[in-house]
């Protein structure tokens, strides 16, 4: 990576004269200096830099847990809130995963060893008064289906009820979104109403007809906040990355991405679009953008005109006009980039973004596409959610309809199935979900 320059930061006035404020400001300054140094050292030895960042993150999490545990330890043991039955099961599962003894488990969870022994001895109790339970009893589906849904929510916390139902539909188990919500005991939220659009909208009827383009920034582990005015750092590397994304409106497929160290110019955006057009083999008929300076530039308008592209702008203060790409930006941040330590090295960050694009296009179902993936719609392939499905209910009539999308029953009814969750490139955030017959 080429040498980066960071603009000077405005420091607070007379901060060294106040002890408590000076302590907080000094820690913030040390974090900024460390972030800048790590960013410049990435090109020399990225492995050691990553180890240093992980060690720093571990120590900060340890300090956070120490503060929280100290607050609970200050309460008398008999006045502390009791763990719920499903929380007791989670503690025993964590104990098994970590290999803790009874005393170690009691010390970590602020309970007594006798309590841990009692939970372990009564682990197999049945009935509503059991000391250790799963979160909720099943209603109509077998217990293992409820466990599969909740296990999937535990492995991918950012997935909602619709997304879980779509992933399972692609794997062969069809559940309604309301059924998933009942299994997760999550309250339903009202559907937002769409605002009225008084201008003529452009509608897509085929791939590569309408593309959406937008820019966003992704904070690194350093973040933006500092404890003095103006409370924010410059929106550029090493404090954040700028990401440009191109989306096909019809299939919701990501056609191209680019990573920038600072707010890109109109020329850089045109180069990103040019690469996407070459990869797709054709240019879109319409290009929908916001009214950023990169897209209102006269050079950008001439560039679109030479390629026969009609440029359209999203309506001001109406996110529905560019809702497709805005929702994609939210998905990229919440389901991928906010679940990792955003790297300071440009090649490493490009790899993380590339893995998200591969997972989003090929494995993540889309609500608008009825649980199909963008690649399936773009390539006109049969969606995986339309394949024959599993039916775990023994008495279910084979010809009866199921939760959408409709599909035939695979094999016989009443089969036991197991959840198989893999992750792309050994990452923990992009799940690839399959269902298999249980042994």
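What to note about this one:
- Full-extension gain in nm, residue 23 to residue 262, via 0.36 nm per residue minus C-alpha separation: 83.0 nm
- Between residue 129 and residue 307, the simple spin-label model (points 7 angstrom out along Cα→Cβ) gives 7.2 nm.
- Treating r as the C-beta distance of residue 55 and residue 151 and R0 as 51 Å, the FRET efficiency rounds to 0.95.
- Cβ-Cβ distance of residue 108 and residue 217, R₀ of 41 Å, FRET efficiency by 1/(1 + (r/R0)^6): the value works out to about 0.60.
- Beta bridges assigned by DSSP with both partners in segment 210-362 are antiparallel in approximately 70 percent of cases.
- Förster radius 41 Å - calculated FRET efficiency between residue 235 and residue 424 (Cβ-Cβ, nearest 0.05): 0.90
- Gain on full stretching of the segment that runs from residue 87 to residue 393 - 0.36 nm per residue minus C-alpha separation: 107.3 nm
- Most tightly packed first, judged by the mean number of other beta-carbon atoms within 10 Å of their residues, the peptides 163-173, 244-254, 103-113, 52-62 read 163-173, 244-254, 103-113, 52-62.
- Spin-label pair residue 66-residue 296: with each label point 7 Å from Cα along the Cα-Cβ axis, the two points sit 5.1 nm from one another.
- Projected label points at residue 34 and residue 205, each 7 Å from Cα along the beta carbon direction, are separated by 5.9 nanometres.
- With 0.36 nm allotted per residue and the present C-alpha distance subtracted, the residue 79-residue 367 stretch has 99.1 nm of extension available.
Each reported figure results from applying straightforward, stated rules to the coordinates on display, with no laboratory input. Only a predicted model underlies this, so the values are computations on that prediction, with no experimental measurement involved. Heads up, the Cβs are rebuilt from the backbone with ideal geometry, glycines too, and the neighbour counts pull from every protein chain shown.
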